[in-house]
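A quick write-up on the structure given underneath.
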Amino acid sequence: MSNRPSLDQIFNDGLQRKYQHALKTRQEAMVAIKHYPCLSPKKESFVFNDGSEKEFLNLDGTIPVRYKGSTYNIPICIWLLDNHPLSAPMVYVKPTVEMLIKPSRHVDQNGKVYLPYLHEWNSNSSDLLGLIQIMIMTFAEMPPVYAKPKNCSPSQFPTPYPTQPSGFMPVPGGGGGGGGTSMPVAYPPMPPTSAGGPNFSPYHNPQMQSSQTPYPVYPPTSQAPYAGGMPPPPYPPGVGNPPYPSYGTNPPNSISSLNSDSSGSVRPGTGTITEEHIRASLISAASHKVRERLRDAYGTSQAEVSALRQQQSDLSNGKTKLEGLLKKLTMEQNELDKSIRHLQEKELEMKNVLDKVIEETEPLDIDEAVTTTAPLYKQLLTAYAEDQATQDAIYYLGEALRRDVIDLDTYLKHVRSLSRRQFQLRATMNKCRIKANLAA
């Protein structure tokens, strides 16, 4: 068991690129294997009826079926197509060498499984776990296999699982037939027949004592293959298998098979059908119809419950996320309220300081606005201010001369006086800078 490849290894080995919905397919397979550990994933080639092959994922193993108070392991193989879950899986019963397939309305002589759940497959509400649960319920009422009698030679029984593809339906290539399987499984034995009437046990076939085969023969191979080499639909239209067991070794239309009273004894020589026969037939038909409807209703309910559980899980996750977001928003709102209160306090403090400054401030003297720390710096500042004023006076004298406000003689006279004063101021500034160890 430890050497078999895991589901992740199979998908990483090139199978993930072949599936359109690889993630959902892997999740459904993991859930099915978790609930039924006897199923193991495999990557094998599937041979269609036109000879083409494709590699698909299949779940091969056994599922537990409860029958008459005992649990039996029924060997099955579930093939998942490359567009799963858009298409329904293909399910086969794979009997061992000690088993024989018992054909019914749900399992044909090749081991192909037909169920309403497969026929009504929905990619949104159907999954592998629900399919396996429906198979367990169905096989509990009509087991698909029975034990091969030990006192009969194998030549009396045809191969219950085809090993070569036929024209009737595609079969797995490389999966082997039922005779080549060595899976250690338990299967129901043939129960003893009860005295006084025919045995209708799901594992008993009255025709075993005759030279006929224990199940219907294969369909003719001349049947036309399916278009495109694809497998048949999950539930064949008009399945010919009767829903009720056969009446012993007599043909179904034999009146003598019905000439028995409620205690199982045969009324000789009457040749008529009594009220007891009609009543027993009606009870059998009604009970079968009720069981069939209950099984379908249970399957539908299981699918709905599965969908509701998934919705509940999603809602719980959403609730957890919303609670986290609300908690985070509450913390941010508290921080914001705290910052707003802090800003309001600072704003009030600034207003109080501003009002106090306005009340205590005296009229400002421009000349005393800038003061120096030493007389030398004060002399340097005063000389610089006068130099700038002299420069402005010379500029405006030039403007006055240009506009003919003053004549040239007046202009030259004032410019000569101001230039002499400007030269003295600049010489004073240089000496002050030297004294103060500043750049000249």
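The values are calculated or read from the model by the stated rules, or taken from the named source; none is laboratory data. Given the structure is predicted, the values throughout are model-derived calculations rather than measurements. Here the Cβ positions follow ideal geometry from the backbone for every residue, glycine too, while neighbour counts run over all protein chains shown. To get the accessible areas, we keep the full protein, side chains included, count just its heavy atoms, and leave off ligands, DNA and RNA. Shrake-Rupley method; radii C 1.70, N 1.55, O 1.52, S 1.80 Å.
Being open to solvent by less than 100 Å² (accessible area, probe 1.4 Å), among the aliphatic types (A, V, I, L, M) and free of Cβ contacts under 8 Å to residues at least 60 places away in the same chain: is that true of residue 357 here? Answer is yes for this residue.
What residue, among those in the stretch 271-307 that are exposed (fewer than 11 other Cβ atoms within 10 Å of the Cβ) and farther than 18 Å from residue 120 by Cβ, is modelled with the lowest pLDDT? The selected residue is 271.
Can you confirm whether residue 311 is within 30 Å of residue 132 (Cβ to Cβ) and of a type in the set (S, T, N, Q)?
Details: within 30 Å of residue 132 (Cβ to Cβ): yes; of a type in the set (S, T, N, Q): yes.
So residue 311 passes the test.
In the stretch 104-117, which residues are assigned to a helix (DSSP H, G or I) and crowded, with 21+ Cβ neighbours inside 10 Å? Don't jump to the end; show me each part of the working.
Taking the stretch 104-117 as the starting set, the residues that turn out to be assigned to a helix (DSSP H, G or I) are 116-117.
Within the stretch 104-117, 117 is the sole residue that qualifies.
From 378, 413, which residue is of a type in the set (D, E, K, R), farther than 23 Å from residue 437 by Cβ, open to solvent by 50 Å² or more (accessible area, probe 1.4 Å) and in a helix (DSSP H, G or I)? Full working, then the answer.
Working: 378 fails: farther than 23 Å from residue 437 by Cβ.
Only one candidate qualifies: 413.
Could you tell me whether residue 318 is in contact with a Leu (Cβ under 9 Å, 6 or more places away or on another chain), assigned to a helix (DSSP H, G or I) and open to solvent by less than 100 Å² (accessible area, probe 1.4 Å)? Please lay out each step first, then the result.
On the way: in contact with a Leu (Cβ under 9 Å, 6 or more places away or on another chain): no; assigned to a helix (DSSP H, G or I): yes; open to solvent by less than 100 Å² (accessible area, probe 1.4 Å): yes.
Considered against the rule, which asks whether it is in contact with a Leu (Cβ under 9 Å, 6 or more places away or on another chain), assigned to a helix (DSSP H, G or I) and open to solvent by less than 100 Å² (accessible area, probe 1.4 Å), residue 318 comes out as no.
Of the residues 52, 123, which single one is under 26 Å from the mean Cα position of the chain (by Cα), modelled with pLDDT under 90 and open to solvent by 10 Å² or more (accessible area, probe 1.4 Å)?
Details: 52 fails: under 26 Å from the mean Cα position of the chain (by Cα).
Of the residues listed, the single one that is under 26 Å from the mean Cα position of the chain (by Cα), modelled with pLDDT under 90 and open to solvent by 10 Å² or more (accessible area, probe 1.4 Å) is 123.
Listed residues 348, 380, 343, 326; which is within 30 Å of residue 428 (Cα to Cα) and either assigned by the TED database to the domain that holds residue 426 or hydrophobic (A, V, I, L, M, F, W, C) (or both)? On inspection, the qualifying residue turns out to be 380. Filtered by the rule that a residue be charged (D, E, K, R) and surrounded by 14 or more Cβ atoms within 10 Å (Cβ to Cβ), the stretch 56-78 gives a lone residue, 60.
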